[in-house]
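Colleague: I'd like to ask you about the structure that follows.
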Amino acid sequence: MPHKLTPEDSLTFPIVSDAQIDPAAAAVAYVRADCTREGTALTRQQIWVVDSSGRRDHRLTHGPRADFHPRWSPDGKTIAFIQGLMSDAGSTGGDIYTVPAKGGLALNITPGRAGSPAWIKWLPGSDRLLFTERVNGSTAIGQLFLQTGKTESLWQGDEINGVLQVDNRD
């Protein structure tokens, strides 16, 4: 007799989210969440990549925390993502990392940052990232220059919940 599914069984199923198609439409990066503690809803989220045929996939990140928000560079060679603790329900943020799209060591490109980045987008040319972050109870928008690691604050103010529209023209 087949096993009847229970609510507890759902904690054993991986959850897939935030699928992002690479610029050449040859692969998809996505977040896979797996439950990490028996009897809880705590998850470990990692970035995976699957080819366009859906036959070959591999785990791209191996961090102990939550890896989320994967974004392909315009040239398709690098994936930027955010890694954080995800300790508070509904709270996101952490540090920004990059990793070669074919696999390799993930590099923290915002170590020691006082703010907590929560959203990223590559800007044209693959040398800058636009990001939002929480800083001392407010929201900020900045850009990160990848060659130097320097950041530039573009705006900071009261917390906002909305949509940031980005024009991809240089």
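The values are calculated or read from the model by the stated rules, or taken from the named source; none is laboratory data. Fair warning: this is a prediction, and the values are worked out from it, not measured in the lab. Cβ atoms come from the backbone with ideal geometry, glycine included; neighbour counts cover every protein chain shown. Only protein heavy atoms, including side chains, enter the accessible area calculation; ligands, DNA and RNA are left aside. Shrake-Rupley method; radii C 1.70, N 1.55, O 1.52, S 1.80 Å.
Colleague: At a 1.4 Å probe radius, which order do Trp122, Trp48 fall into by accessible area, largest first?
Modeller: Order by accessible area, largest first: Trp48, Trp122.
Colleague: What does the charge add up to near Arg71, with Lys and Arg as +1, Asp and Glu as -1, over the other residues with Cβ less than 13 Å from its Cβ?
Modeller: Net charge around Arg71: -1.
Colleague: If Ile109, Ile82 are ordered by their accessible area, calculated over protein heavy atoms with a 1.4 Å probe, which sequence runs from highest to lowest?
Modeller: Most to least solvent-accessible, the answer reads Ile109, Ile82.
Colleague: Which of the peptides 9-15, 24-30, 67-73 is most tightly packed, and how do the rest follow, judged by the mean count of other Cβ atoms within 10 Å per residue?
Modeller: 67-73, 24-30, 9-15
Colleague: Also: Return the lysines within reach of Lys150: Cα separation strictly under 30 angstrom, same-chain partners fewer than 8 residues apart disregarded; answer none if there are no such residues.
Modeller: Reachable lysines: Lys77, Lys102, Lys121.
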